[in-house]
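To start, the structure under review is shown below, and the notes come after it.
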Amino acid sequence: MIVNSWIDDRRLIYPGDETVTEPNPDVPIACTLATKALAERIIEMERRLFRQSQGVERLPNGIRHRFPSSPETKQELFDFIVQETSCCAFLTFGLTFEPNHGPILLDITGPAEALPLIEETFGAANSDPACASTRL
C-alpha cells in the first residue's frame, strides 16, 4: 500500500481527508526568513537533506525528489517540512512512502508564480551531483 500525506498550511493531510481546501491566493509567494537566515537554511538543506536525493523530476507545479527509505531519512523529511511550512506558507509538501521499503517521494509544489523559486531553492542544483541523469 502506498501511503500519501501532505502538509499544507501547517496541517498534516491524509488522502480522503474532507478538510482539504484550495490554496489561499492571499498568501504571498515569499519566504519570511531574513536574507542571512535563508542563505544559512539553504546551505543546511543541501548539507543534510538534498545530498541524499537519488533523483529529481519536474512536476507541473513543482518538483519531486526521490530519497532512500530509512528511519533517519523519514525523520529528516518530516523535520524539513515542519521548518519549511513555518516560513513558506505558499508551498504544499507531499510525502509518498512506496511499498516494501521503497523510495520516499517528496513533492514540493505551489502556485505557478512560485515555480522558479521552487526549482531554484529545492531543485536539482541542491541534490547530489551523481543524480545528473534526473536533473530538471
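The values are calculated or read from the model by the stated rules, or taken from the named source; none is laboratory data. As the structure is a prediction and not an experimental result, all values here were calculated from the model. Don't worry about glycine lacking a Cβ; one is built from the backbone with ideal geometry, like all the others, and counts go over all protein chains shown.
Keeping to the stretch 39-61, report how many residues are basic (Lys, Arg) and more than 20 Å from ILE104 (Cβ to Cβ).
Qualifying residue count for the region: 1.
Name the residue that is modelled with the lowest pLDDT, counting only residues in the stretch 47-66 that are more than 14 Å from ASP79 (Cα to Cα) and either outside any strand (DSSP E or B) or among the hydroxyl-bearing types (Ser, Thr, Tyr) (or both).
Step by step, filter the stretch 47-66, then rank; the result is ARG47.
Counting only residues that are surrounded by 19 or more Cβ atoms within 10 Å (Cβ to Cβ) and assigned to a loop (DSSP other than H, G, I, E, B), which one in the stretch 90-117 is farthest from the chain's Cα centre (by Cα)?
Ranking the qualifying residues of the stretch 90-117, first place goes to PHE90.
Which residues, counting only those in the stretch 52-92, are more than 26 Å from GLU113 (Cα to Cα), touching a strand residue (DSSP E or B) at 6+ places or on another chain (Cβ under 6 Å) and not aromatic (Phe, Trp, Tyr)?
GLN52, GLN54, SER69, THR73
Kindly provide the set of residues from the stretch 33-50 that are more than 15 Å from PRO103 (Cα to Cα) and either of a type in the set (Asp, Glu) or surrounded by 14 or more Cβ atoms within 10 Å (Cβ to Cβ) (or both), ordered by number.
LEU33, LEU38, GLU40, ARG41, ILE42, GLU44, MET45, GLU46
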